[in-house]
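Sharing a structure below in structure tokens format, with a few things to ask.
The values are calculated or read from the model by the stated rules, or taken from the named source; none is laboratory data. Just so it is clear, the structure is predicted and the values come from calculations on it, not from any experiment. Cβ atoms come from the backbone with ideal geometry, glycine included; neighbour counts cover every protein chain shown. Areas reflect the complete protein model, heavy atoms only, side chains present, ligands, DNA and RNA absent. Shrake-Rupley method; radii C 1.70, N 1.55, O 1.52, S 1.80 Å.
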Amino acid sequence: DFDAAETRLKRAIDLQYRDSDTLRFYLGQIAEERKRDAEALSWYEQVQGGEQFVPAAVRYALILARQNKMAEAREYLRNVQPQSPEQRVLLIQAEAQVLRENKSYQEAFDVLEAALEAEPAQPELLYDVAMAAERLNRIDVLESRLKQLIAIRPEHAQAYNALGYTLADRNLRLGEAREYIQKALSMSPDD
């Protein structure tokens with residue numbers, strides 16, 4: 001019930017609810033669901049901190065990208081001031097996501113690879129570079145990045161899984177692929 005939710009969220013903001021940034025984020029989502037992009041952009045832009053700060057920036061950029069404003073979306077993300085190193089990584093990942101959704105796979109790879117050069121041991125970037133490399137059929141890069149990630153985080157089940165399935169899907173080193181997949185399954189049996 002978007003009408004009721006919108007009314008109550010706005011009322012909570014008027015009553016100075018302690019986490020009004022989250023409320024503004026939810027209002028942005030409601031506007032976005034209703035295809036009211038200008039209103040959604042306005043709500044997302046008002047999110048100034050908290051847990052929804054980066055998700056709001058990402059949603060803002062994705063709306064711009066959907067409107068074929070790719071340069072503006074990327075510029076917006078680059079101008080968001082992260083409040084932590086983790087947020088900086090999330091913003092880089094968001095820029096790559098915007099590019100991927102526009103099927104600009106090489107540019108997405110380049111953005112992630114450049115970020116990884118600055119932080120070569122950053123696990124999320126290693127994984128994302130590997131997945132971007134897969135889109136470009138750069139299996140050598142995918143394999144090297146996932147092996148780096150496994151060396152840093154030996155418990156990273158998704159890295160084993162991605163490496164195993166990439167090899168298997170291409171009918172390469174099937175015994176090794178099976179070992180990676182079995183390792184991932186043993187680490188995360190319900191996934």
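Test each condition in (1) within 29 Å of Leu9 (Cα to Cα); (2) of a type outside the set (S, T, N, Q); (3) touching a residue at least 24 places away in the same chain (Cβ under 8 Å); (4) open to solvent by 30 Å² or more (accessible area, probe 1.4 Å) for Gly28 and report the one that comes out false.
The number of the failed condition is (4).
Under 30 Å from Phe109 (Cβ atoms), open to solvent by less than 40 Å² (accessible area, probe 1.4 Å), hydroxyl-bearing (Ser, Thr, Tyr) and without any contact (Cβ under 8 Å) to a residue 60 or more places away in the chain: is that true of Tyr76 in this structure?
no
Filter segment 108-162 for residues that are under 19 Å from Leu174 (Cα atoms), charged (D, E, K, R) and open to solvent by 60 Å² or more (accessible area, probe 1.4 Å) and give the result.
Glu134, Arg138, Asp140, Lys147
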